[in-house]
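Down below is the structure, laid out as C-alpha coordinates.
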Amino acid sequence: MGEQPIFTTRAHVFQIDPSTKKNWVPASKQAVTVSYFYDVTRNSYRIISVDGAKVIINSTITPNMTFTKTSQKFGQWADSRANTVFGLGFSSEQQLTKFAEKFQEVKEAARLARDKSQEKIETSSNHSPESGCETPSSTQASSVNGTDDEKASHAGPADTHLKSENDKLKIALTQSAANVKKWEIELQTLRESNARLTTALQESAASVEQWKRQFSICRDENDRLRSKIEELEEQCSEINREKEKNTQLKRRIEELESELQEKETELKDLQKQSEIIPQLMSECEYVSEKLEAAERDNQNLEDKVRSLKTDIEESKYRQRHLKGELKTFLEVLDGKIDDLHDFRRGLSKLGTDN
(Lines give C-alpha, C1' and ligand atoms only; values in the text may rest on other atoms or scores of the structure.)
Protein backbone atom coordinates (compact mmCIF):
# COMPACT_ATOMS: atom_id res chain seq x y z
CA MET A 1 0.00 0.00 0.00
CA GLY A 2 3.01 2.33 0.50
CA GLU A 3 4.18 1.91 -3.12
CA GLN A 4 2.61 4.25 -5.67
CA PRO A 5 3.22 4.78 -9.44
CA ILE A 6 4.90 8.09 -10.31
CA PHE A 7 5.35 7.71 -14.09
CA THR A 8 3.79 5.40 -16.69
CA THR A 9 4.43 4.78 -20.38
CA ARG A 10 4.08 1.98 -22.95
CA ALA A 11 6.90 0.13 -24.72
CA HIS A 12 8.00 -3.21 -26.12
CA VAL A 13 10.06 -5.08 -23.49
CA PHE A 14 13.20 -7.11 -24.30
CA GLN A 15 15.77 -9.03 -22.23
CA ILE A 16 19.29 -10.00 -23.19
CA ASP A 17 19.73 -13.65 -24.12
CA PRO A 18 21.30 -15.28 -21.01
CA SER A 19 23.13 -17.88 -23.10
CA THR A 20 24.79 -15.58 -25.65
CA LYS A 21 24.63 -12.23 -23.82
CA LYS A 22 24.36 -10.69 -27.29
CA ASN A 23 20.90 -11.14 -28.79
CA TRP A 24 17.66 -9.58 -27.55
CA VAL A 25 14.75 -11.84 -26.60
CA PRO A 26 11.22 -10.30 -26.65
CA ALA A 27 9.62 -10.41 -23.20
CA SER A 28 6.26 -9.17 -24.47
CA LYS A 29 4.37 -9.88 -27.67
CA GLN A 30 3.14 -6.30 -27.89
CA ALA A 31 3.62 -2.91 -26.22
CA VAL A 32 2.89 -3.11 -22.47
CA THR A 33 2.67 -0.65 -19.59
CA VAL A 34 6.00 0.23 -17.93
CA SER A 35 5.81 2.24 -14.67
CA TYR A 36 8.08 3.83 -12.07
CA PHE A 37 6.97 3.00 -8.49
CA TYR A 38 8.05 4.76 -5.27
CA ASP A 39 8.02 2.84 -1.97
CA VAL A 40 7.46 5.35 0.86
CA THR A 41 8.30 2.92 3.67
CA ARG A 42 11.61 1.77 2.14
CA ASN A 43 12.37 5.04 0.33
CA SER A 44 13.17 3.09 -2.85
CA TYR A 45 12.24 3.17 -6.53
CA ARG A 46 11.37 0.32 -8.87
CA ILE A 47 10.52 -0.17 -12.56
CA ILE A 48 7.64 -2.62 -12.91
CA SER A 49 5.93 -4.02 -16.00
CA VAL A 50 3.25 -6.72 -16.12
CA ASP A 51 2.08 -8.58 -19.23
CA GLY A 52 -1.24 -10.18 -18.26
CA ALA A 53 -0.47 -12.18 -15.11
CA LYS A 54 3.30 -12.32 -15.75
CA VAL A 55 5.75 -9.85 -14.23
CA ILE A 56 8.34 -9.17 -16.94
CA ILE A 57 10.18 -6.27 -15.23
CA ASN A 58 10.83 -5.89 -11.50
CA SER A 59 13.99 -3.80 -11.30
CA THR A 60 14.99 -1.78 -8.22
CA ILE A 61 16.82 1.39 -9.28
CA THR A 62 20.21 2.00 -7.66
CA PRO A 63 22.53 5.03 -8.02
CA ASN A 64 25.00 2.90 -9.99
CA MET A 65 22.55 2.06 -12.77
CA THR A 66 22.76 3.79 -16.15
CA PHE A 67 20.09 4.07 -18.82
CA THR A 68 21.65 4.12 -22.30
CA LYS A 69 20.00 5.21 -25.53
CA THR A 70 21.19 2.86 -28.26
CA SER A 71 19.01 4.31 -31.03
CA GLN A 72 16.31 6.92 -31.58
CA LYS A 73 13.59 4.66 -30.16
CA PHE A 74 15.46 2.07 -28.06
CA GLY A 75 17.14 2.20 -24.64
CA GLN A 76 18.54 -0.28 -22.12
CA TRP A 77 19.88 -0.66 -18.58
CA ALA A 78 21.66 -3.44 -16.68
CA ASP A 79 20.26 -4.92 -13.44
CA SER A 80 22.94 -6.88 -11.55
CA ARG A 81 20.45 -8.18 -8.96
CA ALA A 82 18.31 -9.72 -11.69
CA ASN A 83 21.49 -10.66 -13.58
CA THR A 84 20.10 -9.40 -16.88
CA VAL A 85 19.86 -6.39 -19.20
CA PHE A 86 16.45 -4.89 -19.95
CA GLY A 87 15.66 -3.17 -23.23
CA LEU A 88 12.68 -0.97 -24.13
CA GLY A 89 11.48 -0.14 -27.64
CA PHE A 90 9.30 2.98 -27.86
CA SER A 91 7.01 4.18 -30.61
CA SER A 92 8.62 7.65 -30.71
CA GLU A 93 11.85 9.36 -29.74
CA GLN A 94 9.93 11.72 -27.44
CA GLN A 95 8.71 8.84 -25.25
CA LEU A 96 12.26 7.48 -25.01
CA THR A 97 13.58 10.91 -23.97
CA LYS A 98 10.91 11.27 -21.24
CA PHE A 99 11.67 7.78 -19.89
CA ALA A 100 15.43 8.48 -19.84
CA GLU A 101 14.94 11.80 -18.05
CA LYS A 102 12.70 10.12 -15.44
CA PHE A 103 15.31 7.36 -15.00
CA GLN A 104 18.00 9.95 -14.29
CA GLU A 105 15.69 11.78 -11.87
CA VAL A 106 14.80 8.59 -9.97
CA LYS A 107 18.45 7.51 -9.94
CA GLU A 108 19.44 10.84 -8.33
CA ALA A 109 16.66 10.47 -5.74
CA ALA A 110 17.88 6.95 -4.92
CA ARG A 111 21.43 8.29 -4.49
CA LEU A 112 20.25 11.01 -2.09
CA ALA A 113 18.25 8.44 -0.10
CA ARG A 114 21.31 6.19 0.13
CA ASP A 115 23.54 9.09 1.26
CA LYS A 116 21.05 10.07 3.98
CA SER A 117 20.84 6.51 5.28
CA GLN A 118 24.64 6.23 5.35
CA GLU A 119 24.90 9.53 7.26
CA LYS A 120 22.43 8.24 9.86
CA ILE A 121 24.33 4.98 10.26
CA GLU A 122 27.68 6.78 10.55
CA THR A 123 26.25 9.21 13.11
CA SER A 124 24.84 6.39 15.25
CA SER A 125 28.07 4.37 14.93
CA ASN A 126 30.22 7.39 15.93
CA HIS A 127 28.20 8.56 18.96
CA SER A 128 26.58 5.52 20.51
CA PRO A 129 29.74 3.58 21.43
CA GLU A 130 31.31 6.65 23.11
CA SER A 131 28.35 7.32 25.34
CA GLY A 132 28.06 3.63 26.09
CA CYS A 133 31.70 3.37 27.13
CA GLU A 134 32.05 6.63 29.03
CA THR A 135 29.00 6.37 31.23
CA PRO A 136 29.85 3.09 32.92
CA SER A 137 33.44 4.17 33.65
CA SER A 138 32.32 7.39 35.28
CA THR A 139 29.74 5.54 37.27
CA GLN A 140 32.24 2.96 38.42
CA ALA A 141 34.78 5.63 39.30
CA SER A 142 32.29 7.58 41.39
CA SER A 143 31.09 4.43 43.05
CA VAL A 144 34.57 3.25 43.99
CA ASN A 145 35.75 6.68 45.13
CA GLY A 146 32.67 7.12 47.21
CA THR A 147 33.27 3.76 48.90
CA ASP A 148 36.92 4.56 49.74
CA ASP A 149 36.04 7.98 51.09
CA GLU A 150 33.28 6.59 53.19
CA LYS A 151 35.62 3.93 54.53
CA ALA A 152 38.24 6.54 55.30
CA SER A 153 36.04 9.23 56.83
CA HIS A 154 33.47 7.04 58.57
CA ALA A 155 35.65 4.38 60.04
CA GLY A 156 34.05 4.52 63.40
CA PRO A 157 30.32 5.46 62.95
CA ALA A 158 27.39 3.31 63.90
CA ASP A 159 26.67 -0.02 62.12
CA THR A 160 23.30 1.19 60.88
CA HIS A 161 24.91 4.02 58.95
CA LEU A 162 27.48 1.62 57.42
CA LYS A 163 24.76 -0.85 56.42
CA SER A 164 22.74 1.85 54.72
CA GLU A 165 25.81 3.08 52.88
CA ASN A 166 26.76 -0.46 51.87
CA ASP A 167 23.23 -1.05 50.58
CA LYS A 168 23.44 2.12 48.52
CA LEU A 169 26.80 1.04 47.13
CA LYS A 170 25.46 -2.43 46.26
CA ILE A 171 22.47 -0.91 44.44
CA ALA A 172 24.76 1.51 42.55
CA LEU A 173 27.15 -1.32 41.63
CA THR A 174 24.22 -3.49 40.48
CA GLN A 175 22.83 -0.68 38.34
CA SER A 176 26.26 0.11 36.91
CA ALA A 177 26.84 -3.59 36.08
CA ALA A 178 23.44 -3.76 34.38
CA ASN A 179 24.23 -0.58 32.47
CA VAL A 180 27.63 -2.00 31.44
CA LYS A 181 25.99 -5.16 30.12
CA LYS A 182 23.41 -3.14 28.28
CA TRP A 183 26.07 -0.88 26.77
CA GLU A 184 28.18 -3.89 25.88
CA ILE A 185 25.18 -5.42 24.09
CA GLU A 186 24.56 -2.13 22.27
CA LEU A 187 28.26 -1.87 21.40
CA GLN A 188 28.24 -5.44 20.05
CA THR A 189 25.11 -4.63 18.06
CA LEU A 190 26.78 -1.54 16.62
CA ARG A 191 29.89 -3.53 15.81
CA GLU A 192 27.78 -6.12 14.03
CA SER A 193 25.98 -3.30 12.19
CA ASN A 194 29.33 -1.80 11.21
CA ALA A 195 30.51 -5.23 10.04
CA ARG A 196 27.36 -5.64 7.98
CA LEU A 197 27.78 -2.15 6.58
CA THR A 198 31.42 -2.87 5.76
CA THR A 199 30.41 -6.10 4.06
CA ALA A 200 27.66 -4.26 2.22
CA LEU A 201 30.13 -1.56 1.13
CA GLN A 202 32.55 -4.23 -0.04
CA GLU A 203 29.75 -5.96 -1.90
CA SER A 204 28.74 -2.60 -3.33
CA ALA A 205 32.32 -1.99 -4.45
CA ALA A 206 32.40 -5.45 -6.00
CA SER A 207 29.02 -4.73 -7.57
CA VAL A 208 30.38 -1.44 -8.90
CA GLU A 209 33.29 -3.26 -10.51
CA GLN A 210 30.89 -5.85 -11.86
CA TRP A 211 28.62 -3.10 -13.15
CA LYS A 212 31.62 -1.39 -14.72
CA ARG A 213 32.55 -4.62 -16.44
CA GLN A 214 28.90 -5.11 -17.39
CA PHE A 215 28.76 -1.54 -18.67
CA SER A 216 31.91 -2.12 -20.70
CA ILE A 217 30.37 -5.32 -22.07
CA CYS A 218 27.13 -3.48 -22.81
CA ARG A 219 29.02 -0.64 -24.47
CA ASP A 220 30.92 -3.13 -26.64
CA GLU A 221 27.62 -4.87 -27.32
CA ASN A 222 26.07 -1.53 -28.26
CA ASP A 223 28.93 -0.82 -30.65
CA ARG A 224 28.51 -4.29 -32.12
CA LEU A 225 24.76 -3.78 -32.38
CA ARG A 226 25.26 -0.40 -34.04
CA SER A 227 27.59 -1.98 -36.60
CA LYS A 228 25.09 -4.83 -36.96
CA ILE A 229 22.29 -2.30 -37.49
CA GLU A 230 24.38 -0.54 -40.15
CA GLU A 231 25.00 -3.90 -41.82
CA LEU A 232 21.29 -4.68 -41.62
CA GLU A 233 20.46 -1.28 -43.10
CA GLU A 234 22.88 -1.98 -45.94
CA GLN A 235 21.30 -5.40 -46.35
CA CYS A 236 17.86 -3.75 -46.37
CA SER A 237 19.00 -1.37 -49.10
CA GLU A 238 20.37 -4.34 -51.01
CA ILE A 239 17.09 -6.17 -50.43
CA ASN A 240 15.20 -3.15 -51.78
CA ARG A 241 17.44 -3.12 -54.82
CA GLU A 242 16.88 -6.85 -55.22
CA LYS A 243 13.14 -6.25 -54.92
CA GLU A 244 13.34 -3.66 -57.69
CA LYS A 245 15.34 -6.11 -59.77
CA ASN A 246 12.76 -8.82 -59.03
CA THR A 247 9.98 -6.44 -60.10
CA GLN A 248 11.82 -5.71 -63.33
CA LEU A 249 12.42 -9.42 -63.82
CA LYS A 250 8.73 -10.12 -63.22
CA ARG A 251 7.80 -7.55 -65.83
CA ARG A 252 10.37 -9.05 -68.20
CA ILE A 253 9.00 -12.54 -67.49
CA GLU A 254 5.48 -11.33 -68.26
CA GLU A 255 6.73 -9.82 -71.52
CA LEU A 256 8.55 -13.04 -72.37
CA GLU A 257 5.44 -15.06 -71.54
CA SER A 258 3.38 -12.90 -73.88
CA GLU A 259 6.07 -13.27 -76.55
CA LEU A 260 6.09 -17.01 -75.90
CA GLN A 261 2.34 -17.14 -76.40
CA GLU A 262 2.74 -15.26 -79.66
CA LYS A 263 5.50 -17.66 -80.72
CA GLU A 264 3.31 -20.61 -79.80
CA THR A 265 0.55 -19.13 -81.96
CA GLU A 266 3.02 -18.69 -84.79
CA LEU A 267 4.24 -22.24 -84.23
CA LYS A 268 0.70 -23.54 -84.49
CA ASP A 269 0.27 -21.60 -87.73
CA LEU A 270 3.54 -23.04 -88.99
CA GLN A 271 2.41 -26.51 -88.02
CA LYS A 272 -0.76 -25.97 -89.98
CA GLN A 273 1.30 -24.72 -92.87
CA SER A 274 3.65 -27.68 -92.55
CA GLU A 275 0.73 -29.96 -93.29
CA ILE A 276 0.58 -28.56 -96.86
CA ILE A 277 4.37 -28.69 -97.29
CA PRO A 278 4.29 -32.14 -99.05
CA GLN A 279 1.84 -30.75 -101.56
CA LEU A 280 4.00 -27.69 -101.97
CA MET A 281 7.05 -29.93 -102.39
CA SER A 282 5.35 -31.92 -105.14
CA GLU A 283 4.30 -28.69 -106.80
CA CYS A 284 7.86 -27.41 -106.42
CA GLU A 285 9.18 -30.57 -108.08
CA TYR A 286 6.67 -30.19 -110.91
CA VAL A 287 7.64 -26.52 -111.25
CA SER A 288 11.31 -27.50 -111.17
CA GLU A 289 10.74 -29.97 -113.98
CA LYS A 290 8.87 -27.31 -115.92
CA LEU A 291 11.70 -24.88 -115.18
CA GLU A 292 14.28 -27.34 -116.40
CA ALA A 293 12.26 -27.95 -119.59
CA ALA A 294 11.91 -24.20 -120.01
CA GLU A 295 15.63 -23.80 -119.48
CA ARG A 296 16.29 -26.42 -122.15
CA ASP A 297 13.86 -24.66 -124.47
CA ASN A 298 15.51 -21.39 -123.61
CA GLN A 299 18.90 -22.86 -124.41
CA ASN A 300 17.60 -24.08 -127.75
CA LEU A 301 16.11 -20.70 -128.42
CA GLU A 302 19.35 -19.02 -127.51
CA ASP A 303 21.16 -21.29 -129.97
CA LYS A 304 18.59 -20.40 -132.62
CA VAL A 305 18.94 -16.71 -131.73
CA ARG A 306 22.70 -16.92 -132.11
CA SER A 307 22.32 -18.69 -135.49
CA LEU A 308 19.77 -16.06 -136.51
CA LYS A 309 22.12 -13.31 -135.43
CA THR A 310 24.80 -14.92 -137.55
CA ASP A 311 22.39 -15.12 -140.49
CA ILE A 312 21.39 -11.52 -139.94
CA GLU A 313 25.00 -10.42 -139.93
CA GLU A 314 25.60 -12.33 -143.14
CA SER A 315 22.43 -10.90 -144.69
CA LYS A 316 23.51 -7.43 -143.59
CA TYR A 317 26.87 -7.99 -145.15
CA ARG A 318 25.23 -9.24 -148.37
CA GLN A 319 22.83 -6.31 -148.26
CA ARG A 320 25.70 -3.86 -147.95
CA HIS A 321 27.46 -5.60 -150.83
CA LEU A 322 24.25 -5.52 -152.88
CA LYS A 323 23.81 -1.83 -152.02
CA GLY A 324 27.32 -1.18 -153.37
CA GLU A 325 26.65 -3.14 -156.53
CA LEU A 326 23.24 -1.42 -156.86
CA LYS A 327 24.88 1.95 -156.48
CA THR A 328 27.42 1.09 -159.11
CA PHE A 329 24.61 -0.19 -161.32
CA LEU A 330 22.62 2.98 -160.74
CA GLU A 331 25.63 5.09 -161.58
CA VAL A 332 26.12 3.08 -164.80
CA LEU A 333 22.39 3.30 -165.45
CA ASP A 334 22.47 7.08 -164.93
CA GLY A 335 25.31 7.26 -167.44
CA LYS A 336 23.35 5.16 -169.88
CA ILE A 337 20.26 7.29 -169.37
CA ASP A 338 22.32 10.40 -170.00
CA ASP A 339 23.62 8.78 -173.14
CA LEU A 340 20.05 7.93 -174.20
CA HIS A 341 18.98 11.56 -173.62
CA ASP A 342 21.83 12.71 -175.69
CA PHE A 343 20.91 10.17 -178.32
CA ARG A 344 17.28 11.31 -178.23
CA ARG A 345 18.19 14.91 -178.55
CA GLY A 346 20.34 13.93 -181.50
CA LEU A 347 17.44 12.07 -183.04
CA SER A 348 15.12 14.93 -182.37
CA LYS A 349 17.54 17.30 -184.02
CA LEU A 350 17.84 14.99 -187.03
CA GLY A 351 14.06 14.80 -187.32
CA THR A 352 13.88 18.58 -187.20
CA ASP A 353 16.55 18.89 -189.80
CA ASN A 354 14.81 16.38 -192.07
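The values are calculated or read from the model by the stated rules, or taken from the named source; none is laboratory data. Quantities reported herein were computed from a predicted structural model and do not represent experimental measurements. In this analysis, Cβ positions are derived from the backbone assuming ideal geometry, glycine residues included, and neighbour counts consider all displayed protein chains. Protein only, heavy atoms only, side chains kept; ligands, DNA and RNA dropped before computing areas. Shrake-Rupley method; radii C 1.70, N 1.55, O 1.52, S 1.80 Å.
So is residue 60 crowded, with 16+ Cβ neighbours inside 10 Å, among the β-branched types (Val, Ile, Thr), over 23 Å from the mean Cα position of the chain (by Cα) and on the phi < 0 side of the Ramachandran plot or not? It would help to see each step written out before you state the result.
Details: crowded, with 16+ Cβ neighbours inside 10 Å: yes; among the β-branched types (Val, Ile, Thr): yes; over 23 Å from the mean Cα position of the chain (by Cα): yes; on the phi < 0 side of the Ramachandran plot: yes.
Yes: the conditions hold for residue 60.
The residues listed here are 162, 187, 201; of these, the one that is at pLDDT below 70, in a helix (DSSP H, G or I) and of a type outside the set (Gly, Ala, Ser) is 162. Selection within the stretch 26-49: residues that are among the small types (Gly, Ala, Ser) and within 15 Å of residue 84 (Cβ to Cβ). The member of this set that is farthest from the chain's Cα centre (by Cα) is 49. Taken over the stretch 70-106, the criterion of being farther than 21 Å from residue 29 by Cα and of a type in the set (Lys, Arg) is satisfied by 81, 98, 102. Within the stretch 71-106, the set of residues being open to solvent by 50 Å² or more (accessible area, probe 1.4 Å) and at pLDDT 90 or above comprises 71, 72, 73, 91, 93, 94, 95, 98, 101, 104, 105. Going through (1) in a strand (DSSP E or B); (2) out of contact with any His (no Cβ under 8 Å at 6 or more places or on another chain) one by one, residue 91 falls short only on (1).
The residues of the stretch 34-56 that are loosely packed, with under 15 Cβ neighbours inside 10 Å, more than 30 Å from residue 118 (Cβ to Cβ) and either at pLDDT 90 or above or among the aliphatic types (A, V, I, L, M) (or both), listed by number, are 53, 55.
Can you tell me how many residues within the stretch 1-33 are in a loop (DSSP other than H, G, I, E, B), open to solvent by 80 Å² or more (accessible area, probe 1.4 Å) and in contact (Cβ under 8 Å) with a residue 60 or more places away in the chain? Before the answer, list the steps.
The initial filter retains those residues of the stretch 1-33 that are in a loop (DSSP other than H, G, I, E, B), namely 1-2, 17-23, 27-31.
Filter once more, so that each one left must be open to solvent by 80 Å² or more (accessible area, probe 1.4 Å): 1, 18-19, 21-23, 29-30.
Pick out the ones that are also in contact (Cβ under 8 Å) with a residue 60 or more places away in the chain and you get 18, 21-22.
Count: 3.
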